[in-house]
Amino acid sequence: MDSENHNPRRRFRKWFKGKHKRADPYQLSQVSDGGEDESEDYLDDILFQSMEMDPCTSTIELRVFVGTWNVAGRSPIGSLAVDLGEWLNLKDAADMYVLGFQEIVPLKTRNVIGAEDPTEARNWNVLIGKTLNNEYGCPWLTPIWHPIPSENCHYVKNSEPESRMSNNETSMREQSRSQHEKPKGVSKYKLMASKKMVGVFISVWMKSDLVSKYYISNVKVCSVACGIMGYLGNKGSVSVSMTIEGTSFCFVVAHLASGEKKGDEGRRNHQVSEIFRRTSFPRSPADDDIPHPLTILGHDRIFWFGDLNYRLYLEDNSARQLIKKLDWRALQEFDQLCREREYGGVFQGWEEGAIEFAPTYKYSSSNCNRYSGGVPSRSGEKQRTPAW
């Protein structure tokens, strides 16, 4: 199986599909990326409406950073910690960070067919927490989530937000805190949910003050394995569903089948359809009374991102020549995913942000500024046509 090396600052392909209550369920909202500027590449101003039964509908602005990174089996230590800080662009911090990873463990047989080991997921969450909170001088004391071994996930269920309490209730809570809690420092971001399946991993964080301010409910996770034999976890997806002030969000991180041979795009298309079909968020006794979506397409706001592995219908040398010319528009005419969407093979009706950056696959393991292979091919490197 291929170990892929992507530039973390540039690897970003996402889809956003929006719909509004009591309207066409497949009405689209477009999200555009701003090109090389990371603050625009990854930050979207999301305006969503509260679906409360109140006759006056309030509007909330939520800035969401959505990013994906194939770390090629490397542990979150050393240079990756520096890369993570640059990637998150905390100088222009978002309200919410949704991070998708692929290959957080090497895709070896023992990792694919063996029992899930939460160690690397925990290590990544610790590093993300330190990066998000230490940047603001907030001490990272102890993990703020509670592991659930049977599900290999973590999530925080928010209680009634302080904004909905009376002044008396709020003051009583603060008085109780001052009497019974010792100062421990305040984390700026809290882990809301995370889920790991072999090497695919999602981690969702939100500003602590917003967790207290907004009503967040029905936080759920799901994984779909559709790799070897259609059911092993070397390929597939992990998803998080959550409702914020009555608006439902779904975040889907996917790692699809690799390969440049004719017909490999069909395998990827099939895996996408399987993820749609098999992802579910069933109700549980712990849920509140607010109905929540059971499937991906039932959500108000959907983000799909990851290492989708679609390639270019182009010879290697021709692709490299267009890259040298920085002609991204010409390259996109040969983009496999764009073609499949156009022909109705996958993601019909979805919108993708503008691609205004160089292909991110596949960089040399020894030099992240050079594509693997080429003519003449470097010793030991596989020949790969660059792609997004």
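The rows are residues; the columns are (1) open to solvent by less than 20 Å² (accessible area, probe 1.4 Å); (2) more than 28 Å from His292 (Cβ to Cβ).
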site	(1), (2)
Val204	yes, no
Cys222	yes, no
Tyr231	no, no
Asn234	yes, yes
Thr247	yes, no
Glu260	no, yes
Glu265	no, yes
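Restricting attention to region 61-79, the residues that are over 16 Å from the mean Cα position of the chain (by Cα), open to solvent by less than 30 Å² (accessible area, probe 1.4 Å) and free of Cβ contacts under 8 Å to residues at least 40 places away in the same chain total 0. Any chance region 295-318 includes a residue that's charged (D, E, K, R) and in a strand (DSSP E or B)? Looking for residues that are charged (D, E, K, R) and in a strand (DSSP E or B), one finds at least one in region 295-318, hence yes.
For the residues Val221, Val253, the requirement of being closer than 30 Å to Asp316 by Cα and β-branched (Val, Ile, Thr) singles out Val253. Before we move on, is Val71 under 15 Å from Val198 (Cα atoms) and among the hydrophobic types (A, V, I, L, M, F, W, C)? In short, yes.
Checked against the criterion of being open to solvent by 60 Å² or more (accessible area, probe 1.4 Å) and under 27 Å from Arg63 (Cα atoms), region 249-258 contains not a single residue that satisfies it.
Quick one: is Ser280 more than 19 Å from Ser203 (Cα to Cα), of a type in the set (Ser, Thr, Tyr) and assigned to a loop (DSSP other than H, G, I, E, B)? Against the criterion (more than 19 Å from Ser203 (Cα to Cα), of a type in the set (Ser, Thr, Tyr) and assigned to a loop (DSSP other than H, G, I, E, B)), Ser280 does not qualify.
Considering region 271-281, the residues that are in contact (Cβ under 8 Å) with a residue 40 or more places away in the chain, open to solvent by 40 Å² or more (accessible area, probe 1.4 Å) and more than 18 Å from the chain's Cα centre (by Cα) include one that is nearest to Tyr215 (Cα to Cα), namely Arg278. Remark: pairs (first residue in region 214-229, closer than 20 Å to Leu308 by Cβ; second residue open to solvent by 20 Å² or more (accessible area, probe 1.4 Å) and of a type in the set (Val, Ile, Thr); Cβ separation under 6 Å; 6+ apart in sequence or on different chains) are absent.
The values are calculated or read from the model by the stated rules, or taken from the named source; none is laboratory data. All figures in this text were calculated on a predicted structure; none of them were measured in a lab. Ideal geometry is used to build each Cβ from the backbone, glycine not excepted, and the neighbour counts take in all protein chains shown. SASA here: full protein model, heavy atoms, side chains in, ligands and nucleic acids out. Shrake-Rupley method; radii C 1.70, N 1.55, O 1.52, S 1.80 Å.
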